[in-house]
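I have placed the structure first, in the form of structure tokens, so that the comments after it can refer back to it.
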């Protein structure tokens, strides 16, 4: 009543919580993936220092997951503007679910990248070539899954 | 009241939560399956690099589980449109249960694919041929389980 925005008053709670969830959980996944793969690279680098630069791939893939969560959080946050466009509970729920979906998908993708990256990097130190491609393929597959999820979750909102 | 959509206001909360659940839990299953099978492939690839490409099967099967959850999430999200069609609590509960069913079924199928894929890949390194076909059959069976669950859960909604 004293406020100038339209729509439901408690709706931005859910919307902003969705933005925060997208950022936080994908960041957790990125951190786990980076940490676990990094430990593998460190252990492997003691024996084979020349393979360290090639084995950075899982670490970079896991870091990119955090960027995806950031993009989704920004998209959600800029979509919550009650002064410009009425923000109802419907929109709040939609933003919450998409943020949660993106964040938790990024969390699981990051954990998978960490586990596979750790094992793959250590195995790559022993057998080169084929195993390197395998590891990269797995990481790319997980990353593309995450991208697809983010993009397609967002179409119902617009 | 000030909003233009019909039906119950809190119903989209359950609906969108169902869409998020379908996505998130099947993604967790896909991540577990990919990670566990990938570790097995990495360990096996050290001894037998020529079998790595054939042992990708459980990894790919687990990744596909995530796509199933994505499809269900999209179907649920596009079904929540209070401006076009009244969205009551009934619809919200139905969407929540189907999303949970699909997601948790995908989670269990992914965990099964991961555990069996890890063991099968390591055994395949020692005995070829027959065990390869057995492992493929188990993974395909899990995947068909998941497909059937998704399809059958959706008929009551339409």
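Residue B:24 - would you say it is within 30 Å of residue A:122 (Cα to Cα), more than 7 Å from every other protein chain (Cβ to nearest Cβ) and part of a helix (DSSP H, G or I)?
Here the answer is no, as residue B:24 does not meet what is asked.
Which one of these is touching a residue at least 40 places away in the same chain (Cβ under 8 Å), facing chain A (nearest Cβ under 7 Å) and crowded, with 22+ Cβ neighbours inside 10 Å: B:58, B:12?
None of the other options fit; the residue is B:12.
Can you find even one residue in region A:19-27 that is within 17 Å of the chain's Cα centre (by Cα), farther than 30 Å from residue B:11 by Cβ and surrounded by fewer than 17 Cβ atoms within 10 Å (Cβ to Cβ)? Full working, then the answer.
Within region A:19-27, the first condition is being within 17 Å of the chain's Cα centre (by Cα), and the residues that meet it are A:19-27.
The next check asks that each one be farther than 30 Å from residue B:11 by Cβ; those that pass are A:27.
This time we only want the ones that are surrounded by fewer than 17 Cβ atoms within 10 Å (Cβ to Cβ), so: none.
The answer is no, given that none of the residues of region A:19-27 is within 17 Å of the chain's Cα centre (by Cα), farther than 30 Å from residue B:11 by Cβ and surrounded by fewer than 17 Cβ atoms within 10 Å (Cβ to Cβ).
When you scan region B:85-103, do you find a residue that is at the interface with chain A (Cβ under 9 Å from one of its Cβ atoms) and more than 21 Å from residue A:37 (Cβ to Cβ), even just one?
Yes, there is a match, as at least one residue in region B:85-103 is at the interface with chain A (Cβ under 9 Å from one of its Cβ atoms) and more than 21 Å from residue A:37 (Cβ to Cβ).
Looking only at region A:104-121, count how many residues are within 19 Å of residue B:111 (Cβ to Cβ) and more than 7 Å from chain B (Cβ to nearest Cβ). So that I can check it myself, show each step before the final result.
Quick first cut of region A:104-121, residues within 19 Å of residue B:111 (Cβ to Cβ) only: A:104-105, A:107-116, A:119.
In the following step, the residues that additionally are more than 7 Å from chain B (Cβ to nearest Cβ) were identified as A:107, A:110, A:113-114.
The number of residues fulfilling the criteria is 4.
(1) facing chain A (nearest Cβ under 10 Å); (2) closer than 20 Å to residue A:89 by Cβ; (3) buried (at least 18 other Cβ atoms within 10 Å of the Cβ): which one isn't true of residue B:78, the others all being true?
All conditions are met except number (3).
Please go through region B:31-53 and give me each residue that is under 21 Å from the mean Cα position of the chain (by Cα) and within 7 Å of chain A (Cβ to nearest Cβ), ordered by number.
B:31, B:34, B:35, B:38, B:39
With (1) part of a helix (DSSP H, G or I); (2) closer than 30 Å to residue B:13 by Cβ; (3) modelled with pLDDT under 85 as the list, and residue A:82 as the residue in question, which single condition is left unmet?
(1) is the only condition that residue A:82 fails.
I'd like to know if region B:49-71 contains one or more residues that are in contact with a strand residue (DSSP E or B) (Cβ under 7 Å, 6 or more places away or on another chain) and either assigned to a loop (DSSP other than H, G, I, E, B) or under 18 Å from residue A:97 (Cα atoms) (or both).
No.
Tally up the residues in region B:65-75 that are surrounded by fewer than 20 Cβ atoms within 10 Å (Cβ to Cβ) and over 16 Å from residue A:94 (Cα atoms), please. Working first, answer last.
At the first step, the residues of region B:65-75 found to be surrounded by fewer than 20 Cβ atoms within 10 Å (Cβ to Cβ) are B:67, B:71, B:74-75.
Right, trim to over 16 Å from residue A:94 (Cα atoms) and you get B:67, B:71.
Residues that pass the stated criteria total 2.
The values are calculated or read from the model by the stated rules, or taken from the named source; none is laboratory data. Worth saying up front: this structure is predicted, and the values here are computed from it rather than measured. Note that each Cβ is placed from the backbone with ideal geometry, even for glycine, and that neighbours are counted across all protein chains shown.
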